[in-house]
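Notes to accompany the following structure.
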Amino acid sequence: MTSIVDSLLNTISFINIDINILLLFAIVVPGLVLFIVMALNVMLSVYFERKVAAFMQDRLGPMEVGIFGFKGGKKFWGGIGQIFADTVKLLTKEDIMPANADKVLMLIAPFIIVAGALLTFIGIPFSDGLIVSDFNIGILYIIAMSSVGVIGVILAGWSSNNKWSLYGAMRSAAQIISYEIPIGLTLLLVVIVCGSLQVSDIVQWQSDNRWFIFHSPFTFVAFFIYFISVVAETNRTPFDIPEAESELVAGWMTEFSGFKWSIFFMSEYANMLIVSLVASFVFLGGWLSPFTIFSIFPDSWLILDGFYIGIFWLLIKALFLVFVMMWFRWTFPRLRVDQLMYTCWKVFIPFSLANLFFVTIWELIAGALS
Amino acid sequence: MFKIVDKSIISADEMVLNMGPQHPSTHGVLRLKIITDGEIVSSVEPIIGYLHRCFEKHCESLSYEQIVPFTDRCDYLASMHMSHSYSMAVEKLLDLELPERVEYIRVIVAELQRIASHLIAVGVFGLDVGAITPFTWTLRDRERILDLFEMLCGARLLYNYVWPGGVSHDLPPNFIQKTHEFLDYFLPQIDEYNQVLTTNRIFIERSADVGVLPLDVGINYGVTGPSLRGSGSTFDLRKDEPYSVYDKFDFDVPVGQGLMGTVGDCWDRYYVKVLEMKESAKILRQALDGIPKGDVHEVLPKKIRPPKGEVYSRYESARGDVGFYIRSAGKNMPDRLKMRSPAYCNLSVLNEISAGWMMSDVIAALGSLDIVLGEIDR
């Protein structure tokens, strides 16, 4: 089990260069790759979300914009050029800053948020060994880094000098901090079962035994607690009260435009992908093929597991969860802020604590029986 | 039930928040001056007048026929109702008896318009509590009604169809059949809205027990229409003071029963509108089947010159009790025209039902009152 940084260092080490330059190289290359992945993700996700929304709302969605004038027949291309049109529009838009805004804070707020998302990707695998750095505290690192964004949200809301932004930021801070707890508790449960915080160990455990979601009734419940909590943590409907457009205009993003707003957008979709990837490799077997769930399939089907096809399986699982989030968004109304807090503190946290207690007993009994 | 924090234990400085005139969910150019303590709202003051167009003063310098398009623009979501109610007032002034067919056509378009208006109200209330998809579904179905109206008079929003003394055009061929087809299509759609919105757990959490309007408060403020019926009153002018040919039809008046919470909460006001669409469909079926043959134009002089006198007529529009007071001095223009706007009275109750609740509840309460600013400001 290696990571990208390890393999890069190994590959280039035969060239006799300074170790510092080598390290710099090993940092810059994965960083660039991850940034490109994030940018591609936001472009494709936005298109995907627009099409999903259109499908649910009995419309067609983007159909008109082709690439370089080639529509290629509307049915075939389906307005795929909208992706580039949106990107160009967002990047060339005027960057408006309110006169009384705190300019420095307003400038750095989007970058703090995007840095949080980008840093989380370091601990996220895309396949067996396709991970920037596979450290031994992987899960803890992911939980820690996903909370960085809230600082940016508060800064953005405060610096805009707008009451709606302030409302949005306060709601968002309360929400993200509260929902960190059930997320942490459910991931802790997985750590208890497999005895490691390292990402590769968790998937290896699932490869040896079974997917976590099917491991015991408690891990099954934990998956749903985790998934609903991360929907809240990424501020998606039905928990999108920080940017509730019918109440707070656009919440903490109200005063942002152009490039800075597109960075918010990028981090939102990146966060969706991150939490879906985490759910996939923690609960749904990561890069293991679905045929490993039960042993009814013959061994020859194990050929469907591997490095390259693992990328496919992991992305399929993650993108399905992303789709479920979009499904939520276009189906559900929005909760009120106190109901949101109620759901977290009085439902999810007691349930995940009880879950944690019972799963330890389950493991003790299972360990004694085997 | 949701309990508000005791102010004597926790208190902080209050903040004045201006919601609107440009805001996604103030239903037009309404400004709400909200005094809040954090998320909890202590008072809401609606400030109106951003869409004031001097409708009543204008009418004093226009002939009676020329006023009809102006009434259309008052409640632009229920134009047929406004021109119908105005025409009724003028006809009362002239003491005119109309052919049976005209009355039937007017009832048909009025009930279609009521469905169209309630579709907007239902969808927009969903939008206010955060559900986007039902809104597009209701708009999709409203399009079909607009297509019918386009067939009828060429216009899709402001029809100028109901005139004093008649209607502008007779029903086109196929109209009755197409309306039947629409109803066949539409009634199953209501169940679909109920599935995705009305019985949705989150929707119920957001609207039940929220913005409760007690019946006595509603009557004191002059609230009418679905908003009052949501509080349990059966007041409906179509039943209580039947005008046109409404006394010939068999229909029920749905009232709020507090199925999901207290009687008179946002959910009741919303659900009354859903049920009223079904009742309108019932009336439509009867009217389409029973429509008599005849002429649709009552012979009127080119210039209407009503005798001296004054008249007040009431009409049950999609939003409530529309009243037109007209005083005639014997000229071809009204001496004074006053419109009683139902949405204006309905909006006045907003502070009563949303003070003490949270920010999001103000939006829900406002959405459930179903106001149209064009009518409030006139």
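Key figures
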quantity	calculated
Condition check for B:Arg144: basic (Lys, Arg) and within 23 Å of B:Arg73 (Cβ to Cβ)	no
Any helices (runs of 4 or more DSSP H) falling wholly within segment A:135-212 and containing at least 3 residues that are closer than 23 Å to A:Gly310 by Cα	A:138-146, A:163-194, A:199-208
Of residues in segment B:1-20 being within 12 Å of another protein chain (Cβ to nearest Cβ) and modelled with pLDDT of 75 or more, the one surrounded by the fewest Cβ atoms within 10 Å (Cβ to Cβ)	B:Val16
Some residue of segment B:140-148 being farther than 28 Å from A:Arg50 by Cβ, surrounded by 16 or more Cβ atoms within 10 Å (Cβ to Cβ), away from chain A (no Cβ under 14 Å) and modelled with pLDDT of 85 or more	yes
Residues within segment B:297-306 that are surrounded by 15 or more Cβ atoms within 10 Å (Cβ to Cβ) and among the charged types (D, E, K, R), tallied	1
Residues (of a type outside the set (A, V, I, L, M, F, W, C) and farther than 20 Å from B:Asn346 by Cα) located in segment B:25-52	B:Thr36, B:Asp37, B:Gly38, B:Glu39
Single match in B:Gly294, B:Gly225, B:Gly309 (criterion: buried (at least 18 other Cβ atoms within 10 Å of the Cβ) and on the phi > 0 side of the Ramachandran plot)	B:Gly225
Condition met for A:Glu247 (of a type outside the set (A, V, I, L, M), touching a Ser or Thr at 6+ places or on another chain (Cβ under 7 Å) and within 14 Å of chain B (Cβ to nearest Cβ))	yes
Odd one out for A:Ile192, checked against (1) surrounded by fewer than 19 Cβ atoms within 10 Å (Cβ to Cβ); (2) within 22 Å of the chain's Cα centre (by Cα); (3) within 29 Å of A:Phe357 (Cβ to Cβ); (4) of a type in the set (A, V, I, L, M, F, W, C)	(2)
Residue within segment A:197-206 that is modelled with pLDDT of 80 or more, among the charged types (D, E, K, R) and crowded, with 21+ Cβ neighbours inside 10 Å present	no
Matching residues in segment B:317-342 - criterion: being buried (at least 20 other Cβ atoms within 10 Å of the Cβ) and out of contact with any strand residue (DSSP E or B) (no Cβ under 8 Å at 6 or more places or on another chain)	B:Ser317, B:Ala318, B:Arg319, B:Gly320
Identity of the residue in segment A:322-370, among the charged types (D, E, K, R) and in contact with a Ser or Thr (Cβ under 7 Å, 6 or more places away or on another chain), that ends up surrounded by the fewest Cβ atoms within 10 Å (Cβ to Cβ)	A:Arg329
Residue identified as free of Cβ contacts under 8 Å to residues at least 12 places away in the same chain and closer than 25 Å to B:Val255 by Cα among B:Asp209, B:Asp191	B:Asp191
Some residue of segment A:255-266 being within 14 Å of chain B (Cβ to nearest Cβ) and not charged (D, E, K, R)	no
Matching residues, segment B:22-80, being touching a Phe, Trp or Tyr at 6+ places or on another chain (Cβ under 8 Å), buried (at least 16 other Cβ atoms within 10 Å of the Cβ) and in a helix (DSSP H, G or I)	B:Phe55, B:Cys59, B:Glu65, B:Ile67, B:Val68, B:Phe70, B:Thr71, B:Asp72, B:Ser79, B:Met80
Condition check for A:Ser127: touching a residue at least 40 places away in the same chain (Cβ under 8 Å), touching a helix residue (DSSP H, G or I) at 6+ places or on another chain (Cβ under 8 Å), among the small types (Gly, Ala, Ser) and more than 29 Å from A:Phe256 (Cα to Cα)	yes
Members of segment B:316-374 that are part of a strand (DSSP E or B), touching a residue at least 60 places away in the same chain (Cβ under 8 Å), more than 21 Å from the chain's Cα centre (by Cα) and away from chain A (no Cβ under 14 Å)	B:Ile326, B:Ser328, B:Pro334, B:Asp335, B:Arg336
Test: residue in segment A:230-244 that is touching a residue at least 60 places away in the same chain (Cβ under 8 Å), over 19 Å from the mean Cα position of the chain (by Cα), away from chain B (no Cβ under 14 Å) and outside any loop (DSSP other than H, G, I, E, B)	no
Residues that are away from every other protein chain (no Cβ under 14 Å) and among the acidic types (Asp, Glu), drawn from segment B:21-66	B:Glu45, B:Glu56, B:Glu60, B:Glu65
First in segment A:326-347 and farther than 13 Å from A:Thr237 by Cα and at the interface with chain B (Cβ under 7 Å from one of its Cβ atoms), second anywhere and crowded, with 18+ Cβ neighbours inside 10 Å and basic (Lys, Arg), Cβ under 8 Å, 6 or more apart	A:Gln339/B:Arg206
Sole residue being modelled with pLDDT under 85 and in contact with a strand residue (DSSP E or B) (Cβ under 6 Å, 6 or more places away or on another chain), chosen from A:Gly306, A:Gly310	A:Gly310
Complete set of residues in segment B:118-137 that are surrounded by fewer than 24 Cβ atoms within 10 Å (Cβ to Cβ) and over 16 Å from the mean Cα position of the chain (by Cα)	B:Leu127, B:Ile132, B:Thr133, B:Phe135, B:Thr136, B:Trp137
Number of the condition not met by A:Ala169 [criteria: (1) within 14 Å of chain B (Cβ to nearest Cβ); (2) surrounded by fewer than 23 Cβ atoms within 10 Å (Cβ to Cβ); (3) over 19 Å from A:Trp345 (Cα atoms)]	(2)
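The values are calculated or read from the model by the stated rules, or taken from the named source; none is laboratory data. Since this is a predicted model, take the numbers as computed values, not measurements. Neighbour counts run over all protein chains shown; Cβ positions are idealised from the backbone, glycine included.
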